[in-house]
Amino acid sequence: MNETEFLTQVRLNQGIIYKLVGLYANDAEEKKDIYQEVLLNAWKGWPAFREEAKFSTWLYRICLNTIFTLKRKKQHIDYKDSLEPLSPAVEHSGIQKEDLQRLQQAIRFLSETDRAIISMHLDGFENGEIAGVLGISNNNVAVKLHRCKVQLSNLLMQKL
Amino acid sequence: MSLEQDWKQINEGSDDDLSSLLRPGQLNKLHSLSPLQKIKRHLFINMCWSIAVALLYIVIMVEFPLWPVLLTIGITQAFTIWAIYTAWHQYKNIAPFAGNSLSLLAEMERHYYGMNKWIKLQKKVAIIIYPISATGGYMIGGIVGSGKTIEQFFSKPIVIIALALVILILVPCCVYLTKWMFNKSFGKHLAALKKNIEELKAEK
(Lines give C-alpha, C1' and ligand atoms only; values in the text may rest on other atoms or scores of the structure.)
Protein backbone atom coordinates (compact mmCIF):
# COMPACT_ATOMS: atom_id res chain seq x y z
CA MET A 1 0.00 0.00 0.00
CA ASN A 2 1.46 3.30 -1.01
CA GLU A 3 0.78 5.83 1.72
CA THR A 4 2.33 8.72 -0.21
CA GLU A 5 0.12 8.13 -3.22
CA PHE A 6 -2.95 7.80 -1.02
CA LEU A 7 -2.17 11.01 0.87
CA THR A 8 -1.56 12.88 -2.38
CA GLN A 9 -4.97 11.82 -3.69
CA VAL A 10 -6.71 12.72 -0.44
CA ARG A 11 -4.97 16.10 -0.22
CA LEU A 12 -6.15 16.90 -3.74
CA ASN A 13 -9.71 16.01 -2.75
CA GLN A 14 -9.74 17.05 0.90
CA GLY A 15 -12.30 19.74 0.12
CA ILE A 16 -14.90 16.95 -0.24
CA ILE A 17 -14.22 15.73 3.29
CA TYR A 18 -14.06 19.25 4.69
CA LYS A 19 -17.30 20.28 3.01
CA LEU A 20 -19.37 17.18 3.80
CA VAL A 21 -18.21 16.92 7.39
CA GLY A 22 -19.02 20.61 7.80
CA LEU A 23 -22.62 19.84 6.86
CA TYR A 24 -23.09 17.20 9.54
CA ALA A 25 -20.72 17.76 12.45
CA ASN A 26 -22.27 19.54 15.39
CA ASP A 27 -19.08 20.76 16.99
CA ALA A 28 -15.32 20.81 16.58
CA GLU A 29 -14.80 17.62 18.55
CA GLU A 30 -17.31 15.69 16.48
CA LYS A 31 -15.75 17.06 13.32
CA LYS A 32 -12.34 15.69 14.34
CA ASP A 33 -13.88 12.26 15.08
CA ILE A 34 -15.54 12.14 11.67
CA TYR A 35 -12.36 13.26 9.87
CA GLN A 36 -10.50 10.47 11.60
CA GLU A 37 -13.08 7.82 10.78
CA VAL A 38 -13.39 8.91 7.15
CA LEU A 39 -9.63 8.78 6.66
CA LEU A 40 -9.38 5.42 8.40
CA ASN A 41 -12.10 3.93 6.20
CA ALA A 42 -10.57 5.42 3.07
CA TRP A 43 -7.15 4.08 4.03
CA LYS A 44 -8.56 0.60 4.70
CA GLY A 45 -10.46 0.67 1.42
CA TRP A 46 -7.55 2.03 -0.60
CA PRO A 47 -6.10 -1.39 -1.57
CA ALA A 48 -9.45 -2.32 -3.13
CA PHE A 49 -9.82 0.98 -4.96
CA ARG A 50 -9.99 0.38 -8.68
CA GLU A 51 -9.61 3.31 -10.96
CA GLU A 52 -12.88 2.42 -12.68
CA ALA A 53 -14.46 5.11 -10.54
CA LYS A 54 -13.08 8.58 -10.01
CA PHE A 55 -11.24 9.00 -6.74
CA SER A 56 -13.51 11.91 -5.83
CA THR A 57 -16.66 9.76 -6.28
CA TRP A 58 -15.09 6.98 -4.27
CA LEU A 59 -14.17 9.41 -1.48
CA TYR A 60 -17.63 10.93 -1.57
CA ARG A 61 -19.17 7.49 -0.97
CA ILE A 62 -16.81 6.80 1.92
CA CYS A 63 -17.55 10.17 3.49
CA LEU A 64 -21.31 9.72 3.36
CA ASN A 65 -21.24 6.09 4.53
CA THR A 66 -19.00 7.04 7.43
CA ILE A 67 -20.94 10.13 8.46
CA PHE A 68 -24.27 8.31 8.49
CA THR A 69 -23.08 5.24 10.38
CA LEU A 70 -20.88 6.91 12.96
CA LYS A 71 -22.55 7.54 16.28
CA ARG A 72 -23.03 11.26 16.43
CA LYS A 73 -24.34 13.71 18.96
CA LYS A 74 -27.92 14.85 18.93
CA GLN A 75 -28.38 17.50 16.34
CA HIS A 76 -28.48 21.04 17.61
CA ILE A 77 -31.33 23.28 16.63
CA ASP A 78 -29.27 26.42 16.40
CA TYR A 79 -27.42 25.85 13.15
CA LYS A 80 -25.84 29.28 13.03
CA ASP A 81 -23.98 28.85 16.29
CA SER A 82 -22.92 25.31 15.53
CA LEU A 83 -21.48 26.20 12.17
CA GLU A 84 -17.71 26.13 12.00
CA PRO A 85 -15.99 29.14 10.39
CA LEU A 86 -15.06 28.65 6.77
CA SER A 87 -11.46 27.78 6.04
CA PRO A 88 -9.10 30.63 5.06
CA ALA A 89 -8.71 29.03 1.60
CA VAL A 90 -12.42 29.46 0.99
CA GLU A 91 -12.47 32.95 2.43
CA HIS A 92 -9.79 34.06 -0.02
CA SER A 93 -11.28 32.36 -3.05
CA GLY A 94 -12.90 35.53 -4.31
CA ILE A 95 -16.49 34.86 -3.47
CA GLN A 96 -18.43 36.41 -0.69
CA LYS A 97 -17.86 34.59 2.56
CA GLU A 98 -21.39 35.47 3.61
CA ASP A 99 -22.89 33.85 0.52
CA LEU A 100 -21.11 30.61 1.19
CA GLN A 101 -22.08 30.63 4.83
CA ARG A 102 -25.69 31.28 3.93
CA LEU A 103 -25.62 28.42 1.48
CA GLN A 104 -24.02 26.12 4.01
CA GLN A 105 -26.52 27.15 6.67
CA ALA A 106 -29.44 26.65 4.33
CA ILE A 107 -28.27 23.14 3.45
CA ARG A 108 -27.88 22.34 7.12
CA PHE A 109 -31.54 23.16 7.61
CA LEU A 110 -32.46 20.26 5.32
CA SER A 111 -32.85 16.71 6.61
CA GLU A 112 -29.68 14.61 6.78
CA THR A 113 -30.51 12.54 3.71
CA ASP A 114 -31.56 15.61 1.74
CA ARG A 115 -28.22 17.25 2.57
CA ALA A 116 -26.44 14.31 0.92
CA ILE A 117 -28.62 14.55 -2.19
CA ILE A 118 -28.29 18.31 -2.64
CA SER A 119 -24.55 18.37 -2.00
CA MET A 120 -23.98 15.65 -4.62
CA HIS A 121 -26.20 17.52 -7.05
CA LEU A 122 -24.39 20.82 -6.46
CA ASP A 123 -21.09 19.01 -6.99
CA GLY A 124 -22.24 18.03 -10.45
CA PHE A 125 -23.25 14.40 -9.97
CA GLU A 126 -25.92 13.06 -12.33
CA ASN A 127 -29.12 11.64 -10.83
CA GLY A 128 -27.99 8.13 -11.77
CA GLU A 129 -24.72 8.57 -9.89
CA ILE A 130 -26.51 9.95 -6.85
CA ALA A 131 -28.90 6.99 -6.97
CA GLY A 132 -25.94 4.59 -7.11
CA VAL A 133 -24.15 6.14 -4.15
CA LEU A 134 -27.29 6.36 -2.02
CA GLY A 135 -28.84 3.04 -3.06
CA ILE A 136 -32.20 4.39 -4.20
CA SER A 137 -33.96 4.60 -7.56
CA ASN A 138 -33.38 7.37 -10.12
CA ASN A 139 -37.02 8.39 -9.79
CA ASN A 140 -36.70 8.69 -6.06
CA VAL A 141 -33.62 10.89 -6.48
CA ALA A 142 -35.48 13.12 -8.93
CA VAL A 143 -38.46 13.51 -6.57
CA LYS A 144 -36.27 14.22 -3.56
CA LEU A 145 -34.02 16.57 -5.49
CA HIS A 146 -36.95 18.61 -6.68
CA ARG A 147 -38.20 18.95 -3.11
CA CYS A 148 -34.71 19.86 -1.86
CA LYS A 149 -34.35 22.61 -4.47
CA VAL A 150 -37.67 24.13 -3.51
CA GLN A 151 -36.79 24.00 0.18
CA LEU A 152 -33.33 25.39 -0.44
CA SER A 153 -34.50 28.32 -2.54
CA ASN A 154 -37.16 29.13 0.09
CA LEU A 155 -34.50 29.05 2.77
CA LEU A 156 -32.12 31.23 0.79
CA MET A 157 -34.86 33.76 0.18
CA GLN A 158 -35.49 34.02 3.88
CA LYS A 159 -32.98 35.73 6.09
CA LEU A 160 -31.24 32.86 7.85
CA MET B 1 -22.60 33.33 -9.14
CA SER B 2 -24.74 30.18 -9.25
CA LEU B 3 -25.31 27.91 -6.30
CA GLU B 4 -23.28 25.17 -7.98
CA GLN B 5 -20.32 27.50 -8.47
CA ASP B 6 -20.58 28.77 -4.91
CA TRP B 7 -20.73 25.24 -3.62
CA LYS B 8 -17.75 24.06 -5.65
CA GLN B 9 -15.67 26.84 -4.13
CA ILE B 10 -15.89 25.09 -0.79
CA ASN B 11 -13.91 22.24 -2.40
CA GLU B 12 -10.88 24.43 -1.84
CA GLY B 13 -11.41 24.25 1.87
CA SER B 14 -9.54 22.46 4.58
CA ASP B 15 -8.65 23.07 8.19
CA ASP B 16 -5.85 22.31 10.60
CA ASP B 17 -7.59 19.29 12.09
CA LEU B 18 -7.91 17.66 8.71
CA SER B 19 -4.46 18.70 7.50
CA SER B 20 -2.81 17.32 10.62
CA LEU B 21 -4.25 13.88 9.85
CA LEU B 22 -2.83 13.94 6.35
CA ARG B 23 0.80 13.76 7.41
CA PRO B 24 2.82 10.64 6.66
CA GLY B 25 2.72 8.11 9.49
CA GLN B 26 -0.56 9.42 10.95
CA LEU B 27 -2.86 6.95 9.23
CA ASN B 28 -1.60 3.90 11.07
CA LYS B 29 -2.20 5.64 14.41
CA LEU B 30 -5.91 6.10 13.77
CA HIS B 31 -8.40 3.91 15.57
CA SER B 32 -12.00 3.31 14.65
CA LEU B 33 -14.88 4.89 16.56
CA SER B 34 -17.50 2.95 14.61
CA PRO B 35 -20.32 1.50 16.78
CA LEU B 36 -19.81 -1.89 15.12
CA GLN B 37 -16.16 -1.78 16.09
CA LYS B 38 -17.21 -1.02 19.65
CA ILE B 39 -19.66 -3.93 19.60
CA LYS B 40 -16.91 -6.17 18.32
CA ARG B 41 -14.69 -5.07 21.19
CA HIS B 42 -17.56 -5.66 23.67
CA LEU B 43 -18.13 -9.13 22.22
CA PHE B 44 -14.48 -9.96 22.71
CA ILE B 45 -14.57 -8.75 26.33
CA ASN B 46 -17.84 -10.67 26.86
CA MET B 47 -16.24 -13.84 25.56
CA CYS B 48 -13.26 -13.43 27.87
CA TRP B 49 -15.54 -12.94 30.87
CA SER B 50 -17.77 -15.84 29.84
CA ILE B 51 -14.77 -18.14 29.61
CA ALA B 52 -13.65 -16.99 33.08
CA VAL B 53 -17.18 -17.60 34.43
CA ALA B 54 -17.33 -21.03 32.78
CA LEU B 55 -14.07 -21.96 34.51
CA LEU B 56 -15.48 -20.68 37.80
CA TYR B 57 -18.55 -22.89 37.33
CA ILE B 58 -16.28 -25.90 37.01
CA VAL B 59 -14.62 -24.98 40.31
CA ILE B 60 -18.06 -24.59 41.95
CA MET B 61 -19.21 -27.95 40.63
CA VAL B 62 -16.07 -29.60 42.02
CA GLU B 63 -16.37 -27.83 45.38
CA PHE B 64 -20.13 -28.39 45.78
CA PRO B 65 -20.95 -31.78 44.26
CA LEU B 66 -24.63 -31.64 45.35
CA TRP B 67 -27.16 -32.62 42.72
CA PRO B 68 -29.28 -29.41 42.76
CA VAL B 69 -26.13 -27.29 42.50
CA LEU B 70 -24.73 -29.55 39.78
CA LEU B 71 -28.04 -29.37 37.93
CA THR B 72 -28.48 -25.58 37.99
CA ILE B 73 -24.82 -24.76 37.49
CA GLY B 74 -24.64 -27.46 34.80
CA ILE B 75 -27.55 -25.88 32.92
CA THR B 76 -26.03 -22.41 33.37
CA GLN B 77 -22.71 -23.78 32.17
CA ALA B 78 -24.34 -25.20 29.05
CA PHE B 79 -25.94 -21.82 28.32
CA THR B 80 -22.66 -20.03 28.99
CA ILE B 81 -20.90 -22.26 26.46
CA TRP B 82 -23.74 -21.65 24.00
CA ALA B 83 -23.41 -17.89 24.62
CA ILE B 84 -19.64 -18.05 24.03
CA TYR B 85 -20.18 -19.96 20.80
CA THR B 86 -22.85 -17.51 19.60
CA ALA B 87 -20.72 -14.53 20.58
CA TRP B 88 -17.75 -15.99 18.70
CA HIS B 89 -19.91 -16.61 15.65
CA GLN B 90 -21.16 -13.04 15.73
CA TYR B 91 -17.68 -11.68 16.44
CA LYS B 92 -16.44 -13.35 13.26
CA ASN B 93 -19.36 -12.02 11.23
CA ILE B 94 -19.24 -8.39 12.36
CA ALA B 95 -17.31 -6.36 9.87
CA PRO B 96 -17.01 -2.75 11.04
CA PHE B 97 -15.65 -1.95 7.63
CA ALA B 98 -17.34 -3.54 4.61
CA GLY B 99 -15.23 -2.05 1.87
CA ASN B 100 -16.52 0.85 -0.09
CA SER B 101 -18.77 -0.89 -2.54
CA LEU B 102 -22.01 -0.62 -0.56
CA SER B 103 -24.50 2.14 -1.15
CA LEU B 104 -25.37 4.47 1.71
CA LEU B 105 -28.72 2.72 2.25
CA ALA B 106 -27.12 -0.75 2.30
CA GLU B 107 -24.39 0.43 4.67
CA MET B 108 -26.90 1.99 7.08
CA GLU B 109 -29.02 -1.18 7.01
CA ARG B 110 -25.94 -3.31 7.64
CA HIS B 111 -25.09 -1.26 10.73
CA TYR B 112 -28.68 -1.13 11.93
CA TYR B 113 -29.32 -4.87 11.65
CA GLY B 114 -25.85 -5.75 12.94
CA MET B 115 -26.44 -3.80 16.13
CA ASN B 116 -29.99 -5.04 16.57
CA LYS B 117 -28.88 -8.64 16.16
CA TRP B 118 -26.36 -8.21 18.94
CA ILE B 119 -28.88 -6.51 21.23
CA LYS B 120 -31.46 -9.28 20.65
CA LEU B 121 -28.87 -11.93 21.39
CA GLN B 122 -27.86 -10.28 24.65
CA LYS B 123 -31.49 -9.92 25.74
CA LYS B 124 -32.16 -13.57 24.94
CA VAL B 125 -29.12 -14.64 26.92
CA ALA B 126 -30.23 -12.44 29.83
CA ILE B 127 -33.75 -13.91 29.96
CA ILE B 128 -32.55 -17.51 29.75
CA ILE B 129 -29.48 -17.41 31.94
CA TYR B 130 -30.39 -15.02 34.75
CA PRO B 131 -33.13 -17.20 36.38
CA ILE B 132 -30.92 -20.27 36.37
CA SER B 133 -27.82 -18.50 37.59
CA ALA B 134 -29.86 -16.70 40.27
CA THR B 135 -31.16 -20.07 41.51
CA GLY B 136 -27.64 -21.55 41.49
CA GLY B 137 -26.22 -18.53 43.33
CA TYR B 138 -29.04 -18.60 45.89
CA MET B 139 -28.50 -22.27 46.65
CA ILE B 140 -24.73 -21.99 46.96
CA GLY B 141 -25.07 -18.89 49.15
CA GLY B 142 -27.70 -20.60 51.29
CA ILE B 143 -25.77 -23.81 51.76
CA VAL B 144 -22.45 -22.13 52.48
CA GLY B 145 -24.02 -19.47 54.71
CA SER B 146 -26.18 -21.81 56.77
CA GLY B 147 -23.79 -24.79 56.81
CA LYS B 148 -26.76 -27.08 56.12
CA THR B 149 -27.28 -29.74 53.49
CA ILE B 150 -29.37 -28.89 50.47
CA GLU B 151 -32.34 -30.94 51.79
CA GLN B 152 -32.15 -29.20 55.20
CA PHE B 153 -31.83 -25.81 53.57
CA PHE B 154 -34.93 -26.30 51.43
CA SER B 155 -36.96 -27.97 54.17
CA LYS B 156 -38.57 -24.67 55.23
CA PRO B 157 -41.21 -23.26 52.83
CA ILE B 158 -39.95 -19.71 53.46
CA VAL B 159 -36.68 -20.57 51.71
CA ILE B 160 -38.54 -21.67 48.57
CA ILE B 161 -40.76 -18.57 48.71
CA ALA B 162 -37.66 -16.39 49.11
CA LEU B 163 -36.07 -18.11 46.09
CA ALA B 164 -39.18 -17.45 44.03
CA LEU B 165 -39.08 -13.81 45.13
CA VAL B 166 -35.38 -13.55 44.27
CA ILE B 167 -36.12 -14.81 40.75
CA LEU B 168 -39.23 -12.68 40.36
CA ILE B 169 -37.46 -9.51 41.44
CA LEU B 170 -33.88 -10.01 40.33
CA VAL B 171 -34.51 -11.35 36.83
CA PRO B 172 -36.83 -8.58 35.58
CA CYS B 173 -34.47 -6.05 37.18
CA CYS B 174 -31.47 -7.52 35.32
CA VAL B 175 -33.37 -7.76 32.02
CA TYR B 176 -34.58 -4.19 32.42
CA LEU B 177 -31.05 -3.05 33.26
CA THR B 178 -29.71 -4.81 30.14
CA LYS B 179 -32.32 -3.05 27.99
CA TRP B 180 -31.61 0.28 29.64
CA MET B 181 -27.88 -0.05 29.09
CA PHE B 182 -28.35 -0.85 25.41
CA ASN B 183 -30.71 2.05 24.97
CA LYS B 184 -28.29 4.34 26.75
CA SER B 185 -25.38 3.16 24.60
CA PHE B 186 -26.98 2.75 21.19
CA GLY B 187 -30.62 3.85 21.40
CA LYS B 188 -30.24 7.31 19.90
CA HIS B 189 -27.86 6.09 17.22
CA LEU B 190 -30.23 3.28 16.22
CA ALA B 191 -33.16 5.68 16.12
CA ALA B 192 -31.19 8.07 13.90
CA LEU B 193 -30.19 5.22 11.58
CA LYS B 194 -33.78 3.99 11.38
CA LYS B 195 -35.03 7.49 10.63
CA ASN B 196 -32.47 8.00 7.84
CA ILE B 197 -33.16 4.55 6.34
CA GLU B 198 -36.88 5.24 6.26
CA GLU B 199 -36.35 8.73 4.91
CA LEU B 200 -34.13 7.49 2.12
CA LYS B 201 -36.54 4.70 1.20
CA ALA B 202 -39.60 6.96 1.22
CA GLU B 203 -40.74 7.65 -2.32
CA LYS B 204 -42.39 10.94 -1.46
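The values are calculated or read from the model by the stated rules, or taken from the named source; none is laboratory data. Every value quoted in this text rests on a predicted model; they were computed, and no experiment measured them. All Cβ positions, even for glycine, are placed from backbone atoms using ideal geometry, and neighbour counts span all protein chains on display. Areas reflect the complete protein model, heavy atoms only, side chains present, ligands, DNA and RNA absent. Shrake-Rupley method; radii C 1.70, N 1.55, O 1.52, S 1.80 Å.
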Using a 1.4 Å probe and counting only protein heavy atoms, arrange A:Glu37, A:Glu3 so the residue with the most accessible area comes first.
A:Glu3, A:Glu37
Could you work out the relative contact order of the stretch B:35-203, using alpha carbon pairs under 8 angstrom and six or more residues apart, expressed as a whole percent?
28 percent
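For each pair in B:Lys92/B:Lys123; A:Lys54/B:Lys8; A:Lys32/B:Lys194; A:Lys31/B:Lys40; A:Lys31/A:Lys149, compute the distance between the two Cα atoms and list the pairs where it is over 22 Å.
A:Lys32/B:Lys194; A:Lys31/B:Lys40; A:Lys31/A:Lys149
For the stretch B:1-92, run through the trypsin sites (Lys or Arg not before Pro) and keep only the ones in DSSP coil with at most 10 other Cβ atoms within 10 Å of their Cβ.
Sparse-neighbourhood loop trypsin sites (Lys or Arg not before Pro): none present.
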Over the whole of B:19-28, what's the average partner chain Cβ count within 10 Å per residue? Rounded to a whole number, please.
5
GNM top mover of B:Gly147, B:Gly74, B:Gly25 - chain B, alpha-carbon springs below 10 Å
B:Gly25
Counting other C-beta atoms within 10 Å, and keeping those with at most 15, which DSSP coil trypsin sites (Lys or Arg not before Pro) do you find in the stretch A:6-62?
A:Arg50, A:Lys54
Solvent-accessible area buried by A and B, counting both chains, probe 1.4 angstrom, square angstrom
5300 Å²
Estimated Rh, chain B: Kirkwood, alpha-carbon pairs, angstrom
21.3 Å
Per principal axis, largest first, the Cα atoms of the protein assembly as shown extend in Å by 90, 46, 36
If the reach is capped at under 15 angstrom between alpha carbons, list the aspartates and glutamates near B:Lys201, excluding any in the same chain fewer than eight residues apart.
A:Glu112, A:Asp114, B:Glu107, B:Glu109
Centre separation in Å (Cα based) which lies between the stretch B:176-204 and the stretch A:126-160
24 Å
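Filter chain B for me: DSSP H helices, axial length by Cα at least 18 angstrom, mean Kyte-Doolittle hydropathy not below -0.5. List them by residue number.
Once both thresholds are applied, what remains is B:35-63, B:67-93, B:104-146, B:157-182.
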Over the stretch B:35-203, what percent of the accessible surface lies on carbon and sulfur atoms, probe 1.4 Å?
72 percent
Rounded to the nearest whole Å², what accessible area per residue is found for the protein assembly as shown with the 1.4 Å probe?
51 Å²
When the dipole is taken about the Cα centre of chain B, and only Lys, Arg (+1) and Asp, Glu (-1) are charged at their Cβ, what size is it in debye, to the nearest 20?
580 debye
Proximal aspartates and glutamates relative to A:Lys44, as straight alpha-carbon distance under 13 Å, when same-chain residues fewer than 8 apart are discounted
A:Glu3
Residues of the stretch A:1-22 losing 30 Å² or more of accessible surface, assembly versus chain alone, probe 1.4 Å, please list them.
A:Glu3, A:Leu7, A:Arg11, A:Gln14, A:Gly15, A:Tyr18, A:Lys19
